[in-house]
Amino acid sequence: MPAGFDLTGRTAIVTGANTGLGQAIAVALAQAGAGIVAVGRSSMDETRALVAPSGRPFHEVAADLSTLEPIARIVREAEAAAKADGSRLDILVNNAGIIRRADAIDFTEADWDAVMDVNLKSTFFLTQAVARTMLADGKGGKVINIASLLSFQGGIRIPSYTASKSGLAGLTRLLACEWAGKLINVNAIAPGYFVTNNTEALRADPERNAAILSRIPAGHWGKPEELGGAAVFLASDAAAYIHGVVLPVDGGWLAR
Ligand code: NAD
């Protein structure tokens, strides 16, 4: 691996790392050398087992990100874990996210708030809390937000999801502007259509499935492991001069 991509000795917090894209990102970062602090509301046993062959440290912080209540504790526990490994909090991947589907005309306040709270509000305040530690020792770090094609496009039947992911793209740019001069790189990855729980309803609907597949130039749904390289890159020194981008990893969807 070229030296600029090596994450040896760094520690990465990955939220929602128990499954899907978060799990694949945790595994890829560990393979590149990073220790992992996996944050989420479900058991991380599967991810721990997948990270084990890399030999990197793996810590778990149980937390539900639907409110801000656990944020101070997450940072405390993550910092202690990194310190125990002789490391610090170098990388934050804001991956935890939810989606609620209903026609805009029927969409409820509960479905609006639930999605905005996890995808945008908790993401911002966790980032703020972690960035304070990155700024405190002056060494900076890397923040990677998991955005979406709905950061660029409208979609249908997911109003709070589109609002949250469009907001996350804006937040990525704002934080990049504020922190680029302080050695924190803030960027985002916009995954296309990947095979995870998030897209189960789409893949189960034969019409939507065929319509989506026919529009993906690469000709297949993304496999979670196809996202890992972008995360490693943005987490690494190789991306030191990259700030505020939303990088599509979408099989060519947006190019169409
Ligand atoms: P997923 O449903 O498998 O994973 C979502 C993760 O977020 C899970 O680990 C879940 O436990 C966690 N999470 C949700 N609410 C939480 C809460 N309150 N507290 C703590 N953790 C919580 O789906 P995924 O596709 O792996 O989604 C990961 C991210 O990728 C999400 O932000 C999603 O919006 C985004 N995304 C996915 C796709 C796709 O095609 N799958 C496309 C674009 C963006």
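How big is the accessible area of Ser66 in square angstrom, nearest 10, if you roll a 1.4 angstrom probe over the protein chains?
50
Before I look further, what does the chain give for accessible area per residue, probe 1.4 Å, in whole square angstrom?
44
Which trypsin sites (Lys or Arg not before Pro) in the stretch 6-52 pass both tests, a DSSP loop state and at most 16 other beta-carbon atoms within 10 Å?
Loop-located and lightly packed - Arg41.
Using Cα-Cα distances under 8 Å and only pairs 6 or more residues apart, what relative contact order does the stretch 3-243 have, in percent?
Normalised by residue count, the contact order of the stretch 3-243 is 22 percent.
What length, rounded to one decimal in nm, is gained on full extension from Arg132 through to Ala84, with 0.36 nm per residue of separation minus their alpha-carbon distance?
Residue separation times 0.36 nm, minus the Cα-Cα distance, leaves 15.3 nm.
Using a 1.4 Å probe over the heavy atoms of the protein chains, calculate the carbon and sulfur portion of the accessible area of the chain as a whole percent.
55
What full-extension length gain, to one decimal in nm, is calculated for Ala49 and Ala3 as 0.36 nm per residue of separation minus the Cα-Cα distance?
That pair, Ala49 and Ala3, stretches by 13.9 nm at full extension.
Quick one: Debye curve from the C-alpha atoms of the chain, no solvent, what's log10 I(q)/I(0) at q = 0.13, 0.15 Å⁻¹?
Evaluating at q = 0.13, 0.15 Å⁻¹ gives log10 I(q)/I(0) of -0.78, -1.05.
Sequence-distant or interchain residues sharing an amide H contact under 5 Å with Ala17, placed H: which?
Val39
Separation of the stretch 198-220 and the stretch 39-112 by C-alpha centroid, Å?
Each part reduced to its Cα centre gives a spacing of 28 Å.
Provide the FRET efficiency to the nearest 0.05 for the Ile242-Val195 pair, computing r from the beta carbons and using R0 = 25 Å.
In this case the efficiency is close to 0.35.
Calculate the dipole size of the stretch 51-105 relative to its Cα centre from +1 charges on Lys and Arg beta carbons and -1 charges on Asp and Glu beta carbons; express the result in debye to the nearest 20.
80
Anything over 25 Å Cα to Cα? Flag those among Lys165/Lys223; Lys139/Lys223; Lys121/Lys223, in the order listed.
Lys139/Lys223; Lys121/Lys223
What nm distance separates the two modelled labels at Glu207 and Arg256, each placed 7 Å from Cα along Cα→Cβ?
Placing both labels 7 Å beyond Cα along the Cβ direction yields 1.8 nm.
The values are calculated or read from the model by the stated rules, or taken from the named source; none is laboratory data. No experiment lies behind these values; they were computed from the predicted model shown. So basically every Cβ, Gly included, is an ideal-geometry build from the backbone, and we count neighbours across all protein chains shown. Surface areas here come from the heavy atoms of the whole protein model, side chains and all, with no ligands, DNA or RNA. Shrake-Rupley method; radii C 1.70, N 1.55, O 1.52, S 1.80 Å.
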